[in-house]
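For reference, the structure is listed below as structure tokens.
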């Protein structure tokens with residue numbers, strides 16, 4: 001059987017039918033198209049011709065691929081992260097599992113080894129650094145619309161611990177509705193509660209009111225602009241041609257990179273760092289790790305335990321109080 005793009009489409013349709021999320025299947029297709037291109041360069045045009053050696057060579061190529069500027073690892077990793085490389089090989093393994101069971105052809109998916117990931121030390125923002133970041137946005141973001149939006153984004157990311165994709169899907173009605181609790185659907189279609197502070201609700205109300213009153217003329221260019229879509233998303237673009245559309249992940253990466261360069265904390269600020277800070281604050285203030293697991297939406301407590309090493313200083317302090325300084 002020829003290795004053609006329609007086979008990749010069939011695979012994607014198969015996993016959609018099994019109930020996998022569209023975003024997951026989109027990534028699967030993207031990964032497989034890259035692998036298909038690699039096979040073309042190797043003159044491998046049939047599924048039966050693909051060997052474990054081809055996959056190993058592709059793995060080595062991925063490990064030498066420079067990190068893209070839109071990645072949250074740009075400036076931190078010279079090459080693709082181990083996690084990114086792993087996800088691409090997992091996609092190939094899923095593809096061959098589909099081929100094995102649906103068409104009874106191709107390399108056995110069981111022979112494809114998934115590269116291990118060495119988990120890096122968690123980086124987070126301290127209370128002082130968070131305070132500096134919020135103050136910096138308030139004082140230095142000249143565009144009022146951007147100031148309100150970016151400050152709201154950073155503060156909400158910290159007090160909720162939401163993932164980037166979850167933050168970008170939040171609706172205005174979610175935040176400005178009655179009560180201080182909303183439900184979101186995270187990874188694995190897990191629903192969990194998110195708690196909103198009064199400060200967040202007030203800031204969101206101010207931002208939504210401001211962009212509603214000033215949505216005709218752009219503050220940046222002075223040009224007339226028209227709301228694209230229904231404006232239901234909380235975090236939207238402010239440019240003339242995309243006003244009202246949802247922010248992209250790459251835009252958020254760029255905003256965080258700008259603040260990293262301006263503040264120079266000695267570490268790159270990422271959206272996920274707010275999530276790390278959220279978990280750290282909960283644990284530092286005595287929250288049970290099982291509670292933190294639920295609030296982060298982790299399916300396994302092993303993932304949550306990655307955050308516990310951050311609080312080792314507290315363990316030292318507790319030991320010193322009882323037994324004296326080390």
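What to note about this one:
- Scanning region 1-26 for residues that are under 15 Å from residue 92 (Cα atoms) and either out of contact with any strand residue (DSSP E or B) (no Cβ under 9 Å at 6 or more places or on another chain) or assigned to a helix (DSSP H, G or I) (or both) yields a total of 13.
- Within region 118-170, the set of residues being farther than 19 Å from residue 192 by Cα and not in a helix (DSSP H, G or I) comprises 118, 119, 120, 121, 122, 123, 124, 125, 126, 141, 142, 143.
- Failed condition for residue 161, given (1) within 20 Å of the chain's Cα centre (by Cα); (2) surrounded by fewer than 20 Cβ atoms within 10 Å (Cβ to Cβ); (3) modelled with pLDDT under 95: (2)
- Of all residues in region 27-42, those that are part of a helix (DSSP H, G or I) and in contact with a helix residue (DSSP H, G or I) (Cβ under 8 Å, 6 or more places away or on another chain) total 11.
- Residue match in region 60-67 (condition: farther than 28 Å from residue 257 by Cβ, at pLDDT 95 or above and exposed (fewer than 13 other Cβ atoms within 10 Å of the Cβ)): yes
- Any hit, region 194-207, residues being surrounded by fewer than 18 Cβ atoms within 10 Å (Cβ to Cβ) and in contact (Cβ under 8 Å) with a residue 60 or more places away in the chain: no
- Residue check, residue 119 surrounded by 13 or more Cβ atoms within 10 Å (Cβ to Cβ) and under 30 Å from residue 61 (Cβ atoms): no
- Checking each residue in region 83-106 for being assigned to a loop (DSSP other than H, G, I, E, B) and farther than 15 Å from residue 36 by Cβ picks out 103, 104, 105.
- Filter result for the condition that a residue is modelled with pLDDT under 90, outside the structural domain of residue 15 (by TED's automatic domain parsing), part of a helix (DSSP H, G or I) and over 28 Å from residue 20 (Cα atoms), over 220, 211: 211
The values are calculated or read from the model by the stated rules, or taken from the named source; none is laboratory data. These numbers come from a predicted model, not from an experiment. Don't worry about glycine lacking a Cβ; one is built from the backbone with ideal geometry, like all the others, and counts go over all protein chains shown.
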